[in-house]
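Enquirer: Dropping the structure in here first, questions after.
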Amino acid sequence: MMPTIEGPKVSLGFDTLLLAGAVILAFFAVLVAVVKGVEAWKKISLRDRVKGLEMRMDACEKRLRRGDKIFKQQSDDLGQVLVTMQGLLLHFITGNDHERLKETNEELTAYMAERATREMEDSNE
């Protein structure tokens, strides 16, 4: 026969078992609450991210449209400057193209008036 070693006798009373059960139950309750909180945070977070991205995309599209509009305006302005410069050069070279110079002046005046009107319309939008 083998010798047995007996340790101190611990009596597990009803109160001790009840406390252990309550601690285990509380642990699982906290675990469930944390899991549900994480799931809710993920849903809200994804929804907010999508809304934020949509808002940023709309802002970028507006900036692109505004940039395209400015680019077109600058292109039109440059075209008018080139036409005006050509008229001036012809006048300086030949010295006698007064009609062309008058036409260029009229075109430039009309263009500037049209541009001012467009800018006023754009600022009202």
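Enquirer: Enter the angle in degrees (range 0 to 90, nearest 10) between the Cα long axis of helix 14-94 and the first principal axis of the Cα atoms of the chain, meaning the one along which they spread out most.
Expert: For 14-94 against the chain, the angle is about 10 degrees.
Enquirer: Choose one of A20, V35, V50: the residue whose Cα lies farthest towards the positive end of the charge dipole of segment 11-69 (beta-carbon charges +1 Lys, Arg; -1 Asp, Glu; about the Cα centre).
Expert: Checked the options; the winner is V50.
Enquirer: Additional query: Please give the per residue volume of the convex hull enclosing the alpha carbon atoms of segment 58-120, rounded to a whole number of Å³.
Expert: About 57 Å³ per residue, rounded to a whole number.
Enquirer: Convex hull over the Cα atoms of the chain, averaged projected area in nm²?
Expert: Hull-based average projected area comes out at 21.4 nm².
Enquirer: Quick check for me: using +1 on Lys/Arg Cβ and -1 on Asp/Glu Cβ, what's the dipole size of the chain about its Cα centre, in debye to the nearest 20?
Expert: On the way: 18 positive and 20 negative charges, 206 e Å.
For the chain, the charge dipole is close to 1000 debye.
Enquirer: Could you work out the helix-only [θ] at 222 nm for the chain, with each DSSP H run of four or more residues adding -39,500 (n - 2.57) and the total divided by the number of residues, to the nearest 500 deg cm²/dmol? Mind showing how you got there, number by number?
Expert: Details: 2 runs with 108 residues, N = 125.
Calculated at 222 nm, the ellipticity per residue is -32500 deg cm²/dmol.
Enquirer: Also: If one takes the longest principal axis of the Cα atoms in the chain, at what angle in degrees, from 0 to 90 and to the nearest 10, does the Cα axis of helix 98-124 lie?
Expert: Value to nearest ten degrees: 30.
Taken together, the values in this text are just the output of simple stated rules run on the coordinates, not laboratory data. Given the structure is predicted, the values throughout are model-derived calculations rather than measurements. So basically every Cβ, Gly included, is an ideal-geometry build from the backbone, and we count neighbours across all protein chains shown.
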